[in-house]
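Since the structure comes first, as structure tokens, the remarks are kept for the end.
The values are calculated or read from the model by the stated rules, or taken from the named source; none is laboratory data. Just so it is clear, the structure is predicted and the values come from calculations on it, not from any experiment. So basically every Cβ, Gly included, is an ideal-geometry build from the backbone, and we count neighbours across all protein chains shown.
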Amino acid sequence: MRQLVTGGAGFIGSHLVEALLKEGHEVRVVDSLITGRRSNLDTFYKDIEFIEGDLANPEIARKAVQGVDCIFHEAAVPSVPRSVETPLLTQHNGEIALLNVLTEAVAAGVRRVVLAASSSAYGDTPTLPKVETMPSSPRSPYAASKLACEGYLSAFAHSYPIDTVSLRYFNVFGLRQDPGSPYSGVIAKFTTVMKKGERPVIYGDGKQTRDFCYIANAVQANLLAMRHHNPLKGGVFNIGYGRQTSLNELVRVLNRLFGTSLEPVYQPSRAGDVRDSLADISKAVGVLGYCPTHDLESGLREFLAQSE
């Protein structure tokens, strides 16, 4: 079957494209290349159909969804700090693009849309772990945009003949995450500078925690959501590993893997950043059959080996 990956030239999207090709699917990718990079697709570019364009343009969305079974909607500007700086850009590439995709997907008879949602929707509520039934409390335009997109998926699943599901990612890391971007994930930044013998920068005291999820786990969750036989009806699922790690501990693990003893540089906290994050993944395990294969250290080892 033909599957569509929006934002397929990005970090997570390109891994999904690669996994779908390995399963024998035809794959179409649409990407505006605002944050995605065509080079992420180089090794399998000849095997895909690529559309360069902005999904906030209804004509691009209409062209992208034709003849598609399932849509993996990864397209977004994935950055809390950038959303604080430019909230309208976040909305343009978030809700507006998604509404075009959903509207055209219904008209084209697409079976299911799988959304890259975000754990940032929980905000800074002190209760851990984060459970899907908890109230949402977005602290940034990025988080608010992702939460709004979840709402649209649920509304479309209950209003139109299309099934939808939202996967709330928790700090996904792995190969092809752009370390040069000021908005990139902390692991991409830390590994890049520490590999060169430089001290990593931590915004805050380093005691803040994250549930780091290796890319292979996130890809597995998407494929399970695609294959699920029963309607998911706009359901929301946490996708993490289910263990929290402080940024100070992350530096210690990387020092051990690199054989270094680099101390972090501490700088003031940034607006919109969440203090602690930990996923309760029991719903994804029970409903989707999700079973993460990589913890933080094994994911880091594989990532570093692939980066050499």
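Any residue at all in segment 278-288 that's surrounded by 14 or more Cβ atoms within 10 Å (Cβ to Cβ) and of a type in the set (Lys, Arg)? If you could, list the steps in order and put the result at the bottom.
Filtering segment 278-288 down to residues surrounded by 14 or more Cβ atoms within 10 Å (Cβ to Cβ) leaves 278-285, 287-288.
From the residues that got through so far, the ones that are of a type in the set (Lys, Arg) too are 283.
Scanning segment 278-288 turns up at least one residue that is surrounded by 14 or more Cβ atoms within 10 Å (Cβ to Cβ) and of a type in the set (Lys, Arg).
What number of residues in segment 259-304 are closer than 21 Å to residue 131 by Cα, in a loop (DSSP other than H, G, I, E, B) and small (Gly, Ala, Ser)?
Qualifying residue count for the region: 3.
Has segment 242-250 got any residue that is in contact (Cβ under 8 Å) with a residue 12 or more places away in the chain, among the acidic types (Asp, Glu) and farther than 25 Å from residue 5 by Cα?
From segment 242-250, those in contact (Cβ under 8 Å) with a residue 12 or more places away in the chain are 242-248, 250; that's our starting set.
Now drop any that are not among the acidic types (Asp, Glu), which leaves none.
Scanning segment 242-250 turns up no residue that is in contact (Cβ under 8 Å) with a residue 12 or more places away in the chain, among the acidic types (Asp, Glu) and farther than 25 Å from residue 5 by Cα.
Give me the pairs: first residue in segment 296-308 and touching a residue at least 60 places away in the same chain (Cβ under 8 Å) and surrounded by fewer than 16 Cβ atoms within 10 Å (Cβ to Cβ), second residue hydroxyl-bearing (Ser, Thr, Tyr) and assigned to a helix (DSSP H, G or I), beta-carbon distance under 8 Å, and six or more apart or on different chains, which are they?
Partner pairs satisfying both residue conditions: 304/191; 307/191.
Could you list, in sequence order, all residues of segment 65-87 that are touching a helix residue (DSSP H, G or I) at 6+ places or on another chain (Cβ under 6 Å), polar (S, T, N, Q) and surrounded by fewer than 24 Cβ atoms within 10 Å (Cβ to Cβ)?
Within segment 65-87, just 66 meets the criteria.
Could you grab me the full set of residues in segment 59-85 that are assigned to a loop (DSSP other than H, G, I, E, B), within 25 Å of residue 178 (Cα to Cα) and at pLDDT 95 or above? Talk me through it step by step, then tell me what you get.
Looking only at segment 59-85, we keep the residues that are assigned to a loop (DSSP other than H, G, I, E, B), and these are 66-69, 74-79.
Then drop every residue that is not within 25 Å of residue 178 (Cα to Cα), which leaves 74-79.
Those that are assigned to a loop (DSSP other than H, G, I, E, B), within 25 Å of residue 178 (Cα to Cα) and at pLDDT 95 or above: 74, 75.
Identify, from the list 180, 151, the residue that is of a type in the set (Gly, Ala, Ser), more than 14 Å from the chain's Cα centre (by Cα) and at pLDDT 95 or above. Even if it seems obvious, please write down each step before you answer.
On the way: 180 fails: at pLDDT 95 or above.
Being of a type in the set (Gly, Ala, Ser), more than 14 Å from the chain's Cα centre (by Cα) and at pLDDT 95 or above holds for just one of 180, 151, which is 151.
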